[in-house]
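The values are calculated or read from the model by the stated rules, or taken from the named source; none is laboratory data. Owing to the predicted nature of the structure, the values given are computational and were not obtained by experimental measurement. Please note: Cβ atoms are built from the backbone with ideal geometry, for glycine as well, and neighbour counts cover all protein chains shown.
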Amino acid sequence: MPESVGIDPVDLEILRVLQNDARTTNRDLAITVGVAPSTCLDRVNRLRRAGVILGHTLRLDPAALGRPVQAFLAVHVGPHHRPLVDPFVAHVLAQPHTRALYHLAGPQDYLVHVAASDVQDLQRLVLDGLNLPPNRGGMRYEE
C-alpha cells in the first residue's frame with residue numbers, strides 16, 4: 001500500500017526534471033535540484049513508494065513510424081451494454097492506428113486518438129476501422 005507523502009519544493013523540482021527526461025541520472029538530478037545524491041535517491045524512492053511516480057514511459061514519434069496524421073475521433077457506442085462495449089474497446093485497442101482510448105461522459109462515449117499514414121488512411125480508419133468485423137457479430141458503432 002502506498003504511503004502518504006508530503007511534497008516540498010525539492011520534490012516538485014525532482015518530479016519536473018524526471019517528467020522532462022526520466023533517464024536523468026541520479027547524480028545529474030541531485031546537482032540540478034541542489035541536494036546530495038544519496039538524499040536525491042531517497043526522495044525519488046519515497047516518491048515511488050508513495051505512488052507519486054508510477055513508472056516510466058516511452059514516447060514515440062508517429063511521423064517517424066510512418067503515421068504523421070493524427071486525429072481524435074469521438075465515438076458513440078449505443079446502446080451502452082457490456083456485450084457491445086467490451087468488444088468495441090478490445091477491437092479499438094488492438095488496432096495499430098490507436099494511440100489512446102478515453103471513456104467520456106456526455107453525448108459521445110469514447111475519444112479515440114489515432115495516427116494514420118495519410119488522409120486516405122485516416123478516412124479508411126474512420127469508415128471501416130472502428131467497426132467490428134462481421135464474424136464478431138456484425139455490431140456497428142455510431143461515429
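One table, with the values for the structure above:
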| item | result |
| --- | --- |
| One residue from Ala94, Ala71 being of a type in the set (A, V, I, L, M), surrounded by 13 or more Cβ atoms within 10 Å (Cβ to Cβ) and either assigned by TED's automatic domain parsing to the domain that holds Leu130 or in contact (Cβ under 8 Å) with a residue 40 or more places away in the chain (or both) | Ala71 |
| Count of residues meeting criterion [out of contact with any Leu (no Cβ under 8 Å at 6 or more places or on another chain), at pLDDT 95 or above, surrounded by fewer than 16 Cβ atoms within 10 Å (Cβ to Cβ) and assigned to a helix (DSSP H, G or I)] in the stretch 20-36 | 4 |
| Residues (in contact with a helix residue (DSSP H, G or I) (Cβ under 9 Å, 6 or more places away or on another chain) and not in a loop (DSSP other than H, G, I, E, B)) located in the stretch 37-59 | Pro37, Ser38, Thr39, Cys40, Leu41, Arg43, Val44, Arg46, Leu47 |
| Pro62, sole failed condition from (1) loosely packed, with under 15 Cβ neighbours inside 10 Å; (2) part of a loop (DSSP other than H, G, I, E, B) | (1) |
| Candidates His81, His76 - the one that is loosely packed, with under 15 Cβ neighbours inside 10 Å, touching a strand residue (DSSP E or B) at 6+ places or on another chain (Cβ under 6 Å) and in the same structural domain as Tyr102 (by TED's automatic domain parsing) | His76 |
